[in-house]
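**Q** Here's a structure for you.
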Amino acid sequence: MRMYDLIYTKKLGGALSPDQIVFWVKGAADGSIPDEQSASLLMAICWRGMTTEETLALTLAMRDSGKRLDLSAVPGLKVDKHSTGGVGDKTTMILGPIVAACGVPCPMFSGRGLGHTGGTVDKFEAIPGLNVELSEAEFLRSLSETRFANSAQTADIAPADKKLYALRDITATVESIPLITASIMSKKLAGGADALVLDVKCGPTAFMKTLEDARTLAQSMVNVGTAHGMQIRALITRMDAPLGWAIGNALEIMESVEILRGEHAAGELAQMSFRLAAEMLIMGGAASTLAEAQAKVQASIQDGSALETLRRFVALNGGDATSLDDFSRLPQAGQVVDVLASQDGYIADIDGRSLGILAMDLGAGRRDRSDVLDLGVGIRVLAQVGQKVAKGDLLFQVFAKANQLVLPDLYLSTLRLTMNSTVQSPWLLASIGC
Ligand code: URA
């Protein structure tokens with residue numbers, strides 16, 4: 001088999017056979033196929049797409065490039081969640097403990113942040129002492145003892161994805177529905193969960209800009225999961241403004257804890273986390289209707305069991321659980337700068353991507369993989385779409401390093417103000433399988 005023939009076939013819009021796909025994925029992972037040939041095929045796939053059969057074969061080849069986790073020692077259906085990523089998205093830290101507290105084991109592997117979106121592993125790392133890189137034995141122990149486990153993806157899960165994703169990252173080939181499907185689903189299938197809820201983000205700052213594309217991606221992942229015997233549901237959610245009030249690692253831990261305490265319950269972040277958790281409870285067999293699942297979610301907040309599960313998870317994995325009740329024990333910023341409205345108006349939209357980049361520049365995120373984070377810095381977003389503001393109102397608080405230059409105009413430029421009142425559109429745009 002020659003890699004040249006695979007590239008040529010795809011360049012002309014043809015389909016690759018499962019054997020050809022296995023040949024490519026193996027060769028990319030073991031280095032026998034040069035990066036320039038893989039990059040060339042990736043670009044051809046971006047332009048020509050893949051059939052459902054090719055996407056399935058690619059997912060399987062990537063899954064089988066590494067280890068598959070066996071979670072069968074932990075009783076019950078194991079339910080995972082994946083979000084395609086957004087600024088301020090901390091739903092994992094909220095719904096994981098809720099689902100676990102309601103009796104459903106929740107195994108989750110997460111990533112570190114790169115660019116304008118943060119990563120769950122970095123956020124958890126803001127909890128002093130917490131081990132965010134669990135061994136397989138530690139992961140299984142956490143899942144058995146607290147029903148919640150979250151860790152950085154280990155190198156032996158779908159290593160071909162790591163290789164191909166790094167190439168996609170530098171060749172502008174990330175935004176392809178079959179490639180995203182295979183990348184996400186290979187890791188999820190190797191991770192060993194029985195069921196998965198997907199949060200597919202849609203909007204100007206997400207991978208999928210239109211509802212049609214978001215639906216196609218969601219359906220593609222649902223098809224692959226179903227074909228491999230995984231229960232799978234998808235919510236398509238709006239992504240433009242940041243999710244919740246916090247951007248930045250320690251700040252996002254604080255906001256997650258506040259929600260687990262029952263605060264901000266009517267807000268978009270809480271509503272989205274509660275709905276995703278409810279879908280997970282249904283798939284895990286803890287509820288048979290959405291109403292029953294939502295009642296269980298609420299009960300876990302009100303009786304404190306969800307927050308207690310988070311405390312137990314943190315303590316078991318070496319973290320300072322008292323920091324969840326005493327935020328002064330979390331990493332702190334060197335200075336806090338208030339950003340005030342410079343004019344009257346209504347907030348028509350908030351550019352989450354630009355705020356994500358500003359947070360990254362403060363030190364909350366990485367421009368380059370080797371950047372070292374400052375876990376205490378970030379942004380508190382008080383502005384909300386639809387809100388009427390008067391000159392002098394507090395719109396942002398910037399948590400910066402001591403002596404770091406903060407230019408309020410940069411933050412104000414992320415808001416579009418109008419003279420007429422505006423309404424925020426609903427966060428839930430569509431669902432599949434719910
Ligand atoms: N996240 C992934 O893990 N892979 C992609 O291709 C895109 C987002």
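All of the numbers you see were taken from the coordinates with simple rules; none came from a lab. It should be emphasised that the depicted structure is a prediction, and the values quoted were computed from it without experimental measurement. Here Cβ is always computed from backbone atoms with ideal geometry, including for glycine, and neighbour counts include all displayed protein chains.
**Q** Between L71, L375, L405, find the one with the highest GNM mean-square fluctuation for the chain; connect C-alpha pairs within less than 10 Å.
**A** It is L405.
**Q** Please build a GNM for the chain, connecting alpha carbons under 10 Å apart, and tell me which residue among S421, S110, S300 fluctuates the most.
**A** Evaluated over the chain, the most mobile residue of the options is S421.
**Q** Now for a separate question. So how far, in whole Å, is the C-alpha centre of the stretch 206-235 from the one of the stretch 138-199?
**A** 15 Å
**Q** What is the Cα convex hull volume of the stretch 49-110 when expressed per residue in Å³?
**A** 128 Å³
**Q** Would you please put 97-107, 394-404 in order of how densely packed they are, using the mean number of other Cβ atoms within 10 angstrom per residue and starting with the highest?
**A** 97-107, 394-404
**Q** Restricted to Cα positions, what overall size does the chain have along the principal axes? Three whole-Å values, descending.
**A** Taking max minus min along each principal axis of the Cα atoms, the chain gives 67, 46, 40 Å.
**Q** Out of the stretch 109-166, which GluC sites (Glu not before Pro) are coil in DSSP terms and have no more than 15 other C-beta atoms within 10 Å?
**A** Here the sparse-neighbourhood loop sites are E133.
**Q** A further question follows. Once phi is turned into ³J(HN,Hα) by the Karplus curve 6.51 cos²θ - 1.76 cosθ + 1.60 with θ = phi - 60°, what whole-Hz value does each residue of the stretch 305-315 show in order, with x for glycine and proline?
**A** In residue order, the calculated couplings are 6, 5, 5, 5, 5, 4, 4, 5, 4, 5, 5 Hz.
**Q** With an 8 Å Cα cut-off and a minimum separation of 6 or more residues, compute the relative contact order for the chain in percent.
**A** Working: 903 pairs, mean separation 86.5, N = 434.
Result for the chain is 20 percent.
**Q** Which whole-Hz couplings ³J(HN,Hα) result when phi for each residue of the stretch 247-259 is put into the Karplus expression 6.51 cos²θ - 1.76 cosθ + 1.60, θ = phi - 60°, listed in order with x for Gly and Pro?
**A** Calculated HN-Hα couplings, in order: 10, x, 5, 5, 4, 6, 5, 4, 5, 4, 5, 4, 5 Hz.
**Q** If you don't mind, there's one more thing I want to ask. Tell me the relative contact order for the stretch 1-135 as a rounded percent, counting alpha carbon contacts under 8 Å between residues six or more apart.
**A** 18 percent
**Q** Here's a follow-up. With the cut-off at 1.5 for a/c, could you classify the stretch 257-391 from its C-alpha gyration tensor as rounded, prolate or oblate?
**A** It comes out oblate by the Cα gyration axes.
**Q** For each pair in K26/K188; K123/K201; K26/K90; K187/K209; K123/K162; K67/K209, compute the distance between the two Cα atoms and list the pairs where it is over 28 Å.
**A** K26/K90; K67/K209
**Q** Using a Gaussian network model of the chain with C-alpha springs under 10 Å, which one of I94, I170, I180 is most mobile by mean-square fluctuation?
**A** Its mean-square fluctuation being the largest, the pick is I170.
**Q** So, one more: Name the shape class, rounded, prolate or oblate, that the alpha-carbon gyration tensor gives for the stretch 131-181, where a ≥ b ≥ c are the square roots of its eigenvalues, rounded holds for a/c under 1.5, and otherwise prolate holds if a/b is larger than b/c and oblate otherwise.
**A** prolate
**Q** Still on this structure, I have one more. Using Cα-Cα distances under 8 Å and only pairs 6 or more residues apart, what relative contact order does the stretch 241-310 have, in percent?
**A** After rounding, I find 29 percent.
**Q** Something else about it: All other residues with a Cβ under 15 Å from the Cβ of Q343 taken together, and with Lys, Arg as +1 and Asp, Glu as -1, what is their net charge?
**A** 0
**Q** OK, next. Could you work out the local net charge near Q424, counting Lys and Arg as +1, Asp and Glu as -1, over the other residues with Cβ closer than 10 Å to its Cβ? Intermediate values should be presented prior to the final figure.
**A** Numbers: positive: R238; negative: D240, E268, D349.
Local charge sum for Q424: -2.
**Q** For I33, what residues show an amide H to amide H distance below 5 Å, using hydrogens built from the backbone and excluding near sequence neighbours?
**A** Those lying under 5 Å, H to H, from I33 are A28.
**Q** Compute the Cα gyration tensor for the stretch 186-270, then decide on rounded, prolate or oblate, letting a ≥ b ≥ c be the square roots of its eigenvalues: rounded whenever a/c is under 1.5, prolate when a/b is larger than b/c in the other cases, and oblate in all that remain.
**A** oblate
**Q** Now, a different point. Can you give the convex hull volume per residue for the Cα atoms of the stretch 71-183, as a whole number of Å³?
**A** Here the figure is 123 Å³ per residue.
**Q** While we're looking at this one, here's another question. Can you check what the net charge comes to around G334, using other residues whose Cβ is under 10 Å from the Cβ of G334 (Lys, Arg +1; Asp, Glu -1)?
**A** On the way: positive: K401; negative: D374.
Combined, the nearby Lys, Arg, Asp and Glu give 0.
**Q** What GluC sites (Glu not before Pro) in the stretch 260-349 are in a loop by DSSP, with at most 16 other Cβ atoms within 10 Å of the Cβ?
**A** Answer in residue order: E263.
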